[in-house]
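Undergrad: Before I ask anything, here is the structure I am working with.
The values are calculated or read from the model by the stated rules, or taken from the named source; none is laboratory data. Just so it is clear, the structure is predicted and the values come from calculations on it, not from any experiment. With ideal geometry, Cβ positions are generated from the backbone for all residues, glycine too; neighbour counts draw on all protein chains shown. Just the protein is used for accessible areas: all its heavy atoms, side chains included, with ligands, DNA and RNA removed. Shrake-Rupley method; radii C 1.70, N 1.55, O 1.52, S 1.80 Å.
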Amino acid sequence: MAETISILFVGDIVGSPGLSLVETVLPSIIKRYDADFVIANGENSHEGHGINDSIIKSLHKTGVHVITGGDHSFDKWKVFNYMRENNTILRPLNYPKGNVGFGYGVYTIPNTSLKIGVLNLQGRTFMKPIDDPFSAADWALSKISEETNIIFVDMHAEATAEKISLAWHIDGRASVMVGTHTHIPTGDARIFPKGLGYQTDAGMTGSFNSSIGMDKKVAIKRFMTGVHQKYQAANGDNHLCGVFAKVNTETGKCVHIEQVTYPEFNSSEE
């Protein structure tokens, strides 16, 4: 039987509730899944939008190897110098040229001689009008495949149709693609015909006593009045959501993918 490597992905970490949960439970979850490589989306980790140096270092300390981003990657300018010099913190590749940071990287998987490529992209539908993620994926995948056939893609996008269209576009050229941004975990983890492991959205890590991590009273007021209200991260009912996948080291194809939720959501009256 061919060897596999295990990848654990942690969905969008939102504010201090998400960070606290990651710091508390992630090491044990890594051990439970025997994960070889850990990736987390951290673009909402600092007060609900953006990230900073200390959070990056804390996430690495808990076992995260690479941190991906999204539309809030550039919200906190003090992190820019760190982003210029360190490729373990990524931002979407398809932002226009001239922005700081790395959109992809190739990393050695600890305790192995294998390498893994991680690519961060951002959608355009209902989001900022940035460069085409499909063309960016084509270019990056051709570069990464020169070094490894084990490739993970974080597609940070609003529209499910855009995410799944990209998945079909890169099936057979990447190992796993997981969607982020909407903060709601989807139940469609599956393997595409040419070996791409896929889930439309990993969900978030943070407070579910909320509207996608935001104080629910503030969110309701925004919808009822049509007027912008200041973002406030919520607290309580914290969950870690993510995706776990296994990839064949010879072919680069996904052989197993599943949704991760800790603790499980309450689905019945107690």
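Undergrad: What accessible area per residue, rounded to a whole number of Å², is obtained for the chain using a probe radius of 1.4 Å?
TA: I get 46 Å² per residue for this part.
Undergrad: Residue separation times 0.36 nm, minus the C-alpha to C-alpha distance between Val100 and Thr88: what's the value?
TA: Here the answer is 3.0 nm.
Undergrad: For the chain, what is the mean residue ellipticity at 222 nm derived from helices alone (per DSSP H run of n ≥ 4: -39500 (n - 2.57); sum divided by total residues; nearest 500 deg cm²/dmol)?
TA: Values: 6 runs with 68 residues, N = 270.
Computed ellipticity for the chain at 222 nm equals -7500 deg cm²/dmol.
Undergrad: Among the lysines, which fall within straight-line cross-link reach of Lys217, defined as a Cα-Cα distance under 24 Å, with same-chain neighbours fewer than 8 residues apart omitted?
TA: Lys230
Undergrad: Which value, in debye to the nearest 20, gives the size of the charge dipole of region 169-270 about its Cα centre, when Lys and Arg are +1 and Asp and Glu are -1 at the Cβ? If you can, show how the numbers build up before the last one.
TA: On the way: 10 positive and 10 negative charges, 101 e Å.
The dipole of region 169-270 has a size of about 480 debye.
Undergrad: Between beta-carbons, use under 13 Å as the cut-off and find the net charge around Gln232, counting Lys and Arg +1, Asp and Glu -1.
TA: Values: positive: Lys216, Lys217, Lys221, Arg222, Lys230; negative: Glu47, Asp215.
Local net charge: +3.
Undergrad: Is there a pair in Lys163/Lys253; Lys97/Lys163; Lys31/Lys115; Lys97/Lys143; Lys61/Lys128 whose C-alpha atoms are over 28 Å apart, and which pairs would that be?
TA: Where the Cα-Cα span goes over 28 Å, the pairs concerned are Lys61/Lys128.
Undergrad: How high is the relative contact order of region 147-270? Use alpha-carbon pairs under 8 Å, at least six apart in sequence, and give a whole percent. Mind showing how you got there, number by number?
TA: Values: 263 pairs, mean separation 29.2, N = 124.
Here the relative contact order equals 24 percent.
Undergrad: Here's a follow-up. Sorted by packing (mean other beta-carbon atoms within 10 Å per residue), highest first, where do 94-104, 233-243 land?
TA: 233-243, 94-104
Undergrad: If you roll a 1.4 Å probe over region 104-188 with all protein chains in place, what percent of the accessible area is carbon or sulfur?
TA: It is 54 percent, rounded to a whole number.
Undergrad: Just to compare against my own numbers: the Cα pair-distance distribution for region 69-158, 10 Å bins, whole % per bin, please.
TA: It works out to 17, 48, 29, 6, 0, in whole percents.
Undergrad: Pairs of Cα atoms under 8 Å, at least six residues apart: use those to get the relative contact order of region 9-114, whole percent.
TA: Computed value for region 9-114: 23 percent relative contact order.
Undergrad: Just how large is the dipole of the chain about the Cα centre, in debye to the nearest 20, putting +1 at every Lys and Arg Cβ and -1 at every Asp and Glu Cβ?
TA: In total the dipole reaches around 540 debye.
Undergrad: Given the C-alpha centroids of region 80-114 and region 190-214, what is the distance between them in whole angstrom?
TA: If you average the Cα positions of each part, the centres end up 22 Å apart.
Undergrad: Out of every Cα-Cα pair in region 1-136, what percent are more than 23 Å apart?
TA: 34 percent
Undergrad: Can I ask one more? What are the aspartates and glutamates whose alpha-carbon lies under 18 Å from the alpha-carbon of Lys194, with same-chain residues fewer than 8 places away excluded?
TA: Asp138, Asp171, Glu250, Glu258
Undergrad: Does region 129-202 classify as rounded, prolate or oblate by the C-alpha gyration tensor (a ≥ b ≥ c root eigenvalues; a/c under 1.5 gives rounded; else a/b over b/c gives prolate, otherwise oblate)?
TA: Since a/c reaches 1.5 but b/c is at least a/b, the shape of region 129-202 is classed as oblate.
Undergrad: Still on this structure: With a ≥ b ≥ c the root eigenvalues of the C-alpha gyration tensor of region 73-231, is it rounded (a/c under 1.5), prolate (a/b larger than b/c) or oblate?
TA: prolate
Undergrad: OK, next. Can you give the net charge of the other residues whose Cβ lies under 12 Å from the Cβ of Arg222, counting K and R as +1 and D and E as -1? Walk me through the intermediate numbers first.
TA: Values: positive: Lys216, Lys217, Lys221, Lys230; negative: Asp215.
Within the 12 Å Cβ shell, the charges total +3.
Undergrad: Place the peptides 142-149, 205-212, 168-175 in order of packing, highest mean first, counting for every residue the other Cβ atoms within 10 Å and averaging per peptide.
TA: 205-212, 168-175, 142-149
Undergrad: Label region 167-270 by shape, choosing from rounded, prolate and oblate, from the square roots a ≥ b ≥ c of the eigenvalues of the Cα gyration tensor; if a/c is under 1.5 it is rounded, and otherwise prolate applies when a/b is larger than b/c, oblate when it is not.
TA: prolate
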